[in-house]
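Novice: Just dropping this structure here.
The values are calculated or read from the model by the stated rules, or taken from the named source; none is laboratory data. Just so it is clear, the model here is predicted, and its values are computed rather than measured. Positions of Cβ are generated from backbone atoms using ideal geometry, with glycine treated the same way; all protein chains shown enter the neighbour counts. The protein model used for the area step is the full one, side chains on, heavy atoms only, and it has no ligands, DNA or RNA in it. Shrake-Rupley method; radii C 1.70, N 1.55, O 1.52, S 1.80 Å.
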2 protein chains.
Amino acid sequence: MSTPRFESIRDIPLFADMAQESFDALTRGSYVQNFPPNMVMISEGETPDFLHIVQSGCVELFSTWSNRETSVTTLYENSTFILAATIKDQLILTSARTLQKSRIIMIPSENVRSVFKTDPEFAMAIVEELSRCYRATIKNMKNLKLRTSLERLANYLLKQHRRQGDVLEYQLPIEKRRLASYLGMTPENLSRAFNNLKPYGVAVDGQTITITDMATLVAFAKPDILID
Amino acid sequence: MSTPRFESIRDIPLFADMAQESFDALTRGSYVQNFPPNMVMISEGETPDFLHIVQSGCVELFSTWSNRETSVTTLYENSTFILAATIKDQLILTSARTLQKSRIIMIPSENVRSVFKTDPEFAMAIVEELSRCYRATIKNMKNLKLRTSLERLANYLLKQHRRQGDVLEYQLPIEKRRLASYLGMTPENLSRAFNNLKPYGVAVDGQTITITDMATLVAFAKPDILID
DNA sequence: TGCTGATCTTGACTTTTATCAATCAGGAAG
DNA sequence: CTTCCTGATTGATAAAAGTCAAGATCAGCA
């Protein structure tokens, strides 16, 4: 009964602890879809028919209002999205587009809600995942409200540094204009912000970031475990 | 076994559907505490020993970083806080202070985690609550990133109008300086923003708001079910 | 190789927002 | 009814961020 197509996600935290029969029930009627880059898969305001999981590639959640657009977050392999809307069966709050060619697993929302009721391990995992996303969003909001755009950029660069294995030189994972949107600023200002960080130990060449003076950058950014 | 002190919260969604014995197990070792106004009950970075519920009064969640402070949200009767941190047993992300004299129910985090495992109705209710808070925070972030401060104020005034029963004249529920902080602006700018909304049909006298031209205000604010 | 379109950068300028300082208003206590 | 304190408002100024326009750079592709 277990479909090999879905085994790749069996080990991610949301599904790792659930009984095999629950996993089978969950993936019944699920499917995998390939999307080209820059394709809008979901538009905000829609009804959540499927829980989505990024199997490979990269997805941006974004939102628009009154001719303005902002990047909410970027998701990579094994990330889920549309979970809260699926659970509550309410309107989706953010649109989703691929940034690269991506494979997306889609699980019928009805399956999620029914297996949630019968498998306590899955219920627990959902609570963990929701709590994690909720806390990440609170941190994001604190970042936006408590820091200037220059401070946000400095902390972003430090976080990427950690994520990419503490190397001092690394590539930005997303386009600068999307980074600007994520950080709540314009592309023009992001460009200037990179220049303004030069005295604090940041060198930029295209997509390549080099941290030339970690101590100074950290002193300026003041990273905080309750935000970053 | 049921303690009458806690019956006041029995009907709120988080506890309404759970078995009585679960509720008793949950409230065992819980207690009610009275706080004077303007008292910090919880400081961010602490460990979540208790799930908190506002029985009466009013609580502000706020956060500080580098000598700056921002209001995250204001909670009234029957609201819970510290839920996500309790579930994950991780550091609390926002501080909490009373704005008025308040009665707070405190449930040991250990009880929440253990009853969560044994009572599926409670587990379901927690998921509902977490999803609700998560979605509210996403909306909050969209509000901050997609709108100017004037637009945020206009939409806030419309939302209060609805909350207070669609009356055209009502009292602001919180101090203006806290409203300013919640909306991501300074008190000085909030004052100016109120003046700037005058042509759009808003009159202010102290704490009293009067919407003098609803159509114009709505046209300016462009309220959106995916944000407000 | 060179064309093409998108992204990125830079400069000039405008708008928005914050800061600082002074004044005003309103409630609590004597 | 004063006095005092806190919060609200106003004006002047500074800083931050956005807008517009012009080039520069880069990647994809014929």
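Novice: Which listed residue (A:Leu99, A:Phe116, A:Ser22) has the Cα farthest towards the positive end of the charge dipole for the stretch A:1-122, taking +1 on Lys and Arg C-beta and -1 on Asp and Glu C-beta about the Cα centre?
Specialist: Farthest along the dipole direction, towards plus: A:Leu99.
Novice: Give me the one-decimal nm value for the distance between modelled label points at B:Tyr76 and A:Val204, 7 Å along each residue's Cα-to-Cβ direction.
Specialist: Each label point is offset 7 Å from its Cα along the Cβ direction, giving 4.5 nm.
Novice: Mean residue ellipticity at 222 nm from the helices of the protein assembly as shown, using -39,500 (n - 2.57) per DSSP H segment of n ≥ 4 over the full residue count, to the nearest 500 deg cm²/dmol?
Specialist: The helix contribution divided over the protein assembly as shown gives -12500 deg cm²/dmol.
Novice: Counting only other chains, what is the mean number of Cβ atoms within 10 angstrom of the Cβ of each residue in peptide A:82-93?
Specialist: Counting Cβ atoms of other protein chains within 10 Å of each residue's Cβ and averaging gives 4.
Novice: Follow-up question, since we're still on this one. Could you sort out which of B:Lys88/B:Lys142; B:Lys142/B:Lys222; B:Lys88/B:Lys176 sit more than 24 Å apart by Cα distance in this structure?
Specialist: B:Lys88/B:Lys142; B:Lys88/B:Lys176
Novice: With unit charges on the beta carbons (Lys and Arg positive, Asp and Glu negative) and the dipole taken about the Cα centre of chain B, which residue among B:Leu158, B:Leu130, B:Met41 sits farthest to the positive side?
Specialist: B:Leu158
Novice: I'd like the mean, over residues of A:151-163, of how many other protein chain beta carbons sit within 10 Å of each residue's own Cβ.
Specialist: That works out to 0 on average.
Novice: Taking amide H positions as placed 1.01 Å from N in the peptide plane, with prolines and chain starts having none, which residues 5 or more places from B:Tyr31, or on another chain, fall under 5 Å of its amide H?
Specialist: Here the answer is B:Met106, since their amide H atoms fall under 5 Å of that of B:Tyr31.
Novice: Between copies, how close do the B:Pro223 label points come, placed 7 Å along Cα→Cβ, listed in nm from shortest?
Specialist: 4.2
Novice: For B:Ser8 and B:Asn189, what is the calculated FRET efficiency with R₀ set at 41 Å and r taken between the beta-carbons, to the nearest 0.05?
Specialist: Numbers: r = 39 Å, r/R0 = 0.96.
Taking R0 as 41 Å, the efficiency between B:Ser8 and B:Asn189 is 0.55.
Novice: Please turn the phi angles of the stretch B:23-37 into ³J(HN,Hα) values with the Karplus equation 6.51 cos²θ - 1.76 cosθ + 1.60 (θ = phi - 60°), one per residue in order, whole Hz, x for glycine and proline.
Specialist: Ordered by residue, 3J(HN,Hα) equals 4, 5, 5, 5, 7, 4, x, 7, 8, 10, 10, 9, 10, x, x Hz.
Novice: Inter-copy label distances at B:Ser114, 7 Å along the Cα→beta-carbon direction, one decimal in nm, shortest first?
Specialist: Distances to the matching label points in the other copies: 3.5 nm.
Novice: Placing the label point 7 Å from Cα along the Cα-to-Cβ direction, what are the distances from B:Gln90 to the equivalent spots in the other copies, shortest first, in nm to one decimal?
Specialist: Nearest first, the other copies' label points are 2.2 nm away.
Novice: Taking H as built 1.01 Å from N, whose amide H comes closer than 5 Å to the amide H of B:Phe50, not counting residues under 5 places away?
Specialist: B:Ser109
Novice: Sort chain A into rounded, prolate or oblate with this rule: let a ≥ b ≥ c be the square roots of the eigenvalues of the Cα gyration tensor; rounded if a/c is under 1.5, and if a/c is not under 1.5, prolate when a/b is larger than b/c, oblate otherwise.
Specialist: The shape class here is prolate.
Novice: Still on this structure, please answer the following. Taking K and R as +1 and D and E as -1, what net charge do the other residues with C-beta under 12 Å from the C-beta of B:Lys88 add up to?
Specialist: Net charge in that neighbourhood comes out at 0.
Novice: By accessible area of protein heavy atoms, probe 1.4 Å, what ranking do B:Val32, A:Val59 get, highest first?
Specialist: Descending accessible area places them as B:Val32, A:Val59.
Novice: Here's something else I'd like to know. Mind checking which aspartates and glutamates have their Cα closer than 13 Å to the Cα of A:Lys139? Skip sequence neighbours fewer than 8 apart in that chain.
Specialist: Qualifying aspartates and glutamates at Cα under 13 Å: A:Asp224, A:Asp228, B:Glu44.
Novice: Carbon and sulfur: what percent of the protein assembly as shown's accessible surface (1.4 Å probe)? Can you show the working numbers first?
Specialist: Values: 9840 of 19950 Å².
The computed percentage sits at 49.
Novice: Let me ask something else about it. Which order do A:Thr216, A:Thr137 take when ranked by solvent-accessible area (1.4 Å probe, heavy atoms of all protein chains), largest first?
Specialist: A:Thr216, A:Thr137
Novice: A further question follows. Quick one: how many Å² of B:Arg28 are accessible to a 1.4 Å probe, rounded to 10?
Specialist: Approximately 130 Å² of B:Arg28 is accessible to the 1.4 Å probe.
Novice: Taking a probe of 1.4 angstrom, what is the accessible area of B:Arg132 in Å², to the nearest 10?
Specialist: Its heavy atoms expose roughly 120 Å² to the probe.
Novice: Karplus couplings for the stretch A:100-107 from phi (6.51 cos²θ - 1.76 cosθ + 1.60, θ = phi - 60°), rounded to Hz, Gly and Pro as x?
Specialist: 10, 4, 9, 9, 10, 8, 10, 10
Novice: Follow-up question, since we're still on this one. Please report, in debye to the nearest 20, how large the charge dipole of chain A is about its Cα centre when each Lys and Arg carries +1 at its beta carbon and each Asp and Glu carries -1 there.
Specialist: 780
Novice: Whole-Hz Karplus ³J(HN,Hα) for the stretch A:178-186, in order, using 6.51 cos²θ - 1.76 cosθ + 1.60 and θ = phi - 60°, x for Gly and Pro?
Specialist: 6, 4, 4, 5, 4, 7, x, 8, 8
Novice: Which of rounded, prolate or oblate describes the protein assembly as shown when judged by the alpha-carbon gyration tensor and an a/c cut-off of 1.5?
Specialist: Numbers: a/c = 1.43, a/b = 1.02, b/c = 1.40.
Here the protein assembly as shown falls in the rounded category.
Novice: With a 1.4 Å probe and all protein chains kept in place, how much accessible area does B:His52 have, in Å² rounded to the nearest 10?
Specialist: B:His52 exposes around 10 Å² with every protein chain in place.
Novice: Continuing with the same structure: Using only the heavy atoms of the protein chains and a 1.4 Å probe, how would B:Ser114, B:Ser79 rank by accessible area, largest first?
Specialist: B:Ser114, B:Ser79
Novice: Counting only residues 5 or more places away or on other chains, whose amide H sits under 5 Å from the amide H of A:Ile42 once H atoms are built in the peptide plane?
Specialist: A:Ala96
Novice: Let me ask something else about it. Could you provide, to the nearest whole Å², the per residue accessible area of the stretch B:90-228 with probe 1.4 Å? Please list the in-between numbers first.
Specialist: Working: 6010 Å² over 139 residues.
Each residue of the stretch B:90-228 exposes 43 Å² on average to a 1.4 Å probe.
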